[in-house]
1. Considering only segment 1-19, state which residues are of a type in the set (A, V, I, L, M, F, W, C), crowded, with 16+ Cβ neighbours inside 10 Å and in a loop (DSSP other than H, G, I, E, B).
2. Could you list, in sequence order, all residues of segment 146-177 that are in a strand (DSSP E or B), within 29 Å of Val451 (Cα to Cα) and of a type outside the set (A, V, I, L, M, F, W, C)?
3. Tell me whether segment 173-186 contains one or more residues that are closer than 30 Å to Thr560 by Cβ, surrounded by 24 or more Cβ atoms within 10 Å (Cβ to Cβ) and either within 16 Å of the ligand (Cβ to nearest atom) or not acidic (Asp, Glu) (or both).
4. Name the residue, out of Glu150, Glu120, that is in the same structural domain as Ile18 (by TED's automatic domain parsing), closer than 30 Å to Met368 by Cβ, of a type in the set (D, E, K, R) and out of contact with any strand residue (DSSP E or B) (no Cβ under 6 Å at 6 or more places or on another chain).
5. Exactly one of (1) buried (at least 22 other Cβ atoms within 10 Å of the Cβ); (2) polar (S, T, N, Q); (3) more than 20 Å from Ala28 (Cβ to Cβ) is unmet by Thr131. Its number?
6. Please go through segment 486-519 and give me each residue that is within 16 Å of the ligand (Cβ to nearest atom) and either aromatic (Phe, Trp, Tyr) or at pLDDT below 95 (or both), ordered by number.
7. Please work out if Ser465 is under 18 Å from Glu378 (Cα atoms), among the small types (Gly, Ala, Ser), in contact with a Pro (Cβ under 9 Å, 6 or more places away or on another chain) and more than 14 Å from the ligand (Cβ to nearest atom).
8. Within segment 398-476, considering only strands (runs of 3 or more DSSP E) that don't extend past its boundaries, which have at least 1 residues that are within 26 Å of Leu2 (Cα to Cα) and touching a strand residue (DSSP E or B) at 6+ places or on another chain (Cβ under 8 Å)?
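The values are calculated or read from the model by the stated rules, or taken from the named source; none is laboratory data. All values reported here derive from a predicted model rather than from experimental measurement. Virtual Cβ from ideal backbone geometry, glycine too; neighbours counted across all protein chains shown.
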Amino acid sequence: MLRPQDTATRERRSLTGIWDFRLDGTGAGHDARWFAGPLADARPMPVPASFNDIVPDVEVKNHVGDAWYQTSARVPRGWAGERIVLRFDSATHRAVVWINDTEVMRHEGGYTPFEADVTELVTPGDEVRITAAVNNELNFQSLPPGVVQEGPRGRKQTYFHDFFNYAGIHRPVYLYATPTTYVSDITVVTDFDGAAGARTGKVSYDVVVSGDGSQDVRVLLRDADGEVVATGDGASGELTVQDAHLWAPGDGYLYELEAQVVDGDALVDSYLQTVGIRTVEVRGTQFLINGEPFYFTGFGKHEDQAVRGKAHDDAMLVHDFELLDWIGANSFRTSHYPYADEVYDYADRQGIVVIDETSAVGQNMGVMSGMMGMPAIETFSPETINDESREVHAQAIRELIARDKNHPSIVLWSIANEPESASDASREYFEPLFALAKELDTTRPVGFVNVMLSPFGTCKLAEFSDVIMLNRYYGWYVDTGDLEVAEEHWRAELQGWASLDKPIIITEYGADTVAGLHSTTADPWTEEFQSAYLDMNHRVFDSIDAVVGEQVWNFADFQTSQMVFRVDGNKKGAFTRDRRPKAAAHLLRKRWTGKSDPS
Ligand code: GCB
């Protein structure tokens, strides 16, 4: 499924703005056909935004169930004779969508796009009513999982992950038009020959055309100056680029592939696909980009900010990337779900390396009972995470790779964060999912993120992972405050993992820190402790060759559900939620750039 574009043959109309909105905790709106007319008793709600923090009302913030959104839009007159599509970049966590009185689509999963061909239901020049019932409930068959319980004050959502269950329409919505015969998919895979200075780039492409018209395809590859550097005929082939400028970390050089459907001399459709020529390979304990060892510096991030919650926001996007540049980060992980398309586009352009993660987070009841004092239940069982859940997970992997496969910035797929991984049941659940991801993309390594509860020697999934990704909190959740003991324990465990002859990325290490809290004795929660904690971790990483990356948890403070050990959210950010640096940010900048001046 390709993103909407404005090209010589395509046009899109954004439906972002203020929509009508109404909560529906009992699901009454479906039977009452709220889609069949103007939404009664509606209040205004911005799209994109999480609805939770827009209104100062706990009922809105903690709402469980459906949230109805409605808008109307005029279909451009000029779209007569075109194929017209309605697209949501995401709706969290699932949605049913109507055009006027007709249901046009349903989608499960809160972080990937969905769309419907609505040509037959709309008349160019006329207005249409668009209604979406967005549901935010989490259960054992959703990603991420959760449980809805009846409480004294109505239904309450609990979940097993450490970020607030923001919901709503988080990303843009479009009506767009394409020709009736159109490019429906493009896959590019890149490679190169030759040494630095005289590289010949190879761009294999595969274009899928849908519709009844001409299926003839022509492709043109342009460099960043707009010069055509290669052309090809046919729906698939390989283009050769003399003296190719490679995409590399810190150098987001992009070519642009134009895929044209042609009918003789006539242009039927045109779609533009950016291309970064680069390779990714795991060899022994090395992670190679363009054949050169790469060391990840950066963060696990979140899509999270005040007021908007998880909504995409260009100002925040650009600001966050400026901060990544300032601090010397060359990478981040899209913890713990696929981010907005715009984020990967920008990472491609900025030469920032991305570990792309599914929304499989919290599949671990051990963490819940061990750390959060919840009753012990089995993670994988017919009543909890089961075969149906696995199919949902498989679909999430399919949608992630289908959406993101052409981004040069993405070098590694993470199919889950901290699932149970020491049991036979976890192995049974995950083995086919690793196989699926590897089958869908043979060009990138695949991994998952291991939790402390499955230390070295106990993990039953590591053998399927091309890269070992570890989240460890020695000195914080264990050996709290005792950095000397923590250092010994951490080094001992890491030496074990290093014996597997795979690259190791530390995908999380961090300490909650209240900005402005200080102590001479570096006590937990102070800025001094966060710095000392990071220094200790860095000593450990620097002593182990197989460690090829360090991503601090987290880039910035973020909102969570209410828990006794969260103070207005998780405070492990190097930056505060409004992106002010803590002392740790300066420490990281020194380590990653060598710079210590304040600007
Ligand atoms: C983890 C999780 C992350 C949490 C973090 C923490 O291991 O992957 O989602 O926020 O720990 O701060 O506890």
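1. Leu2, Leu15, listed by residue number.
2. Gly146, Gln149, Lys156, Gln157, Thr158, Tyr159, listed by residue number.
3. yes
4. Glu150
5. Of everything listed in (1) buried (at least 22 other Cβ atoms within 10 Å of the Cβ); (2) polar (S, T, N, Q); (3) more than 20 Å from Ala28 (Cβ to Cβ), Thr131 misses just condition (3).
6. Trp490, Tyr509
7. no
8. Once the strands (runs of 3 or more DSSP E) in segment 398-476 are filtered for at least 1 residues that are within 26 Å of Leu2 (Cα to Cα) and touching a strand residue (DSSP E or B) at 6+ places or on another chain (Cβ under 8 Å), what remains is 410-417, 446-450.
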